[in-house]
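Have a look at the structure below before the remarks.
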Amino acid sequence: MNRGFFISIEGLDGAGKSTQHALLAKHLAENGEKVLPLREPGATDVGEKIRAILKDKTFQHPPAAEVELLLFLASRAQLVRERIMPALQSGYVVLCDRFIDSTIAYQCGGRGISSKSISALHRFASGGLVPDLTILLDLAPEEGFRRINIGRKTALDRIEEQSMDFFRRVHKSYGRIAIKNPQRVVVLDGSLPPDSIGEKVRTTVCERIYRFRNDVNRSMRGPAI
Ligand code: Z5A
């Protein structure tokens, strides 16, 4: 079986996810991998429409926290079925800018919805899909905000408009996720220059893919006689 590899990139706004996502996709493609770069919410027709609703701040009554959660998960349910699962079954390295950990960090850490409810709903929405590897770019919320405000031409969207306290809670929640999932989540210092983060990301990803494929091959060969 040609099983692909699923990577998510996580972190606060401005942590450098999009930058590293693009660098890594380019590197993997140049090294002969079939790569599928995606983002959440979005990356399908349905998901991009949901993304616009989530970011819209013109509602007289903004979506309740529960509605916001269900919208993120609706976008994910479509993305998993339409793009991620078919790509993994065809041997792609799927590279997703945000996935389940964003939901735990923002909707549980930030909004206060129970992690038990989120996990149960994520299982329903995604069939329980969890990345093989997560790169968490760690950056202080104040620095993330400073970065995204440099040269900003558009207004803050509905989620970006949350208080600094909200983003501090999200940041703490990411820290707890890393502690609970030491095998899957690799934390990198997001305050380093992009090139040096890029090098660490590449080393981590290549080593993990190599190990993963070795394990798959070994399990296909069966036990040594
Ligand atoms: N969300 C949620 O609540 N629940 C969920 O389940 C999911 C998402 C899936 C999506 O926003 C929003 O949805 C997000 C979480 C929520 N909330 N907010 N607010 P998005 O997709 O529009 O935006 P984002 O994911 O937060 O991306 P971003 O703001 O663009 O940040 P980034 O991708 O991490 O950073 P970047 O674009 O690579 O870099 C930002 C700037 O910093 C840029 O000028 C870079 O040139 C610069 N940069 C990048 N790296 C560096 C380094 N290393 N040093 C210095 N400067 C750098």
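The angle between the Cα long axis of helix 65-79 and the longest principal axis of the Cα atoms of the chain comes to about 30 degrees, rounded to the nearest 10.
The separation of segment 95-109 from segment 13-79, counted between C-alpha centres, amounts to 10 Å. Taking every protein chain into account, the accessible area of the chain amounts to 52 square angstrom per residue (probe 1.4 Å).
Set the Förster distance to 30 Å, then compute FRET efficiency between D215 and D189 from the Cβ-Cβ distance, nearest 0.05. So, using R0 = 30 Å, E works out to roughly 0.60.
The residue list L54, I113, G144 was ranked by how far each Cα lies along the charge dipole of segment 5-219 toward its positive end, using unit charges on Cβ atoms, and I113 comes out on top.
Divide by every residue of the chain the summed helix terms, -39500 (n - 2.57) for each DSSP H run of at least 4, and state the resulting mean residue ellipticity at 222 nm, rounded to the nearest 500 deg cm²/dmol.
-16000 deg cm²/dmol
The stretch between I150 and F124, if pulled fully straight at 0.36 nm per residue, gains 5.5 nm over its current Cα-Cα span. Between N31, N181, N149, which gets the highest mean-square fluctuation from a Gaussian network model of the chain, Cα cutoff 10 Å? Its mean-square fluctuation being the largest, the pick is N31.
Taking the C-alpha atoms only, the angle from helix 45-55 to the longest principal axis of the chain is near 40 degrees. Sparsely packed loop sites in segment 30-116 (the chymotrypsin sites (Phe, Trp or Tyr not before Pro) outside DSSP H, G, I, E and B with at most 10 other Cβ atoms within 10 Å) comprise F59.
In terms of its Cα atoms, segment 182-225 spans 50, 19, 10 Å along the principal axes, sorted from long to short. Among the protein heavy atoms of the chain, carbon and sulfur supply 56% of the accessible surface, probe 1.4 Å, non-protein parts ignored. Using a probe of 1.4 Å on the protein chains alone, the accessible area found for T203 is around 90 Å². Shown is the FRET efficiency for R81 and E142, computed with R0 = 25 Å from the Cβ-Cβ distance and rounded to the nearest 0.05: 0.05. Under 16 Å of direct C-alpha separation, and excluding same-chain neighbours fewer than eight residues apart, K34 reaches these lysines: K26.
Under 15 Å from the Cβ of G128, count the other residues' Cβ atoms, weight Lys and Arg +1, Asp and Glu -1, and hand me the total.
Its environment carries a net charge of +3.
Between A105, A155, A125, the Gaussian network model of the chain with springs among Cα atoms under 10 angstrom shows the greatest mean-square fluctuation at A155.
Spherically averaged projected area of the convex hull of Cα atoms, segment 105-223: 10.1 nm². Average 1/r across all pairs of distinct alpha carbons in segment 5-219, invert it, and you get the Kirkwood radius: 17.8 Å. Applying the criteria of a DSSP loop state and at most 10 other Cβ atoms within 10 Å to the trypsin sites (Lys or Arg not before Pro) of segment 109-181 yields R152, K153.
The angle between the Cα long axis of helix 164-180 and the longest principal axis of the Cα atoms of the chain comes to about 20 degrees, rounded to the nearest 10.
The values are calculated or read from the model by the stated rules, or taken from the named source; none is laboratory data. The model shown is predicted, which means the values in this text are computed figures rather than measured ones. Positions of Cβ are generated from backbone atoms using ideal geometry, with glycine treated the same way; all protein chains shown enter the neighbour counts. Accessible surface is based on the protein model in full, side chains and every heavy atom, while ligands, DNA and RNA are left aside. Shrake-Rupley method; radii C 1.70, N 1.55, O 1.52, S 1.80 Å.
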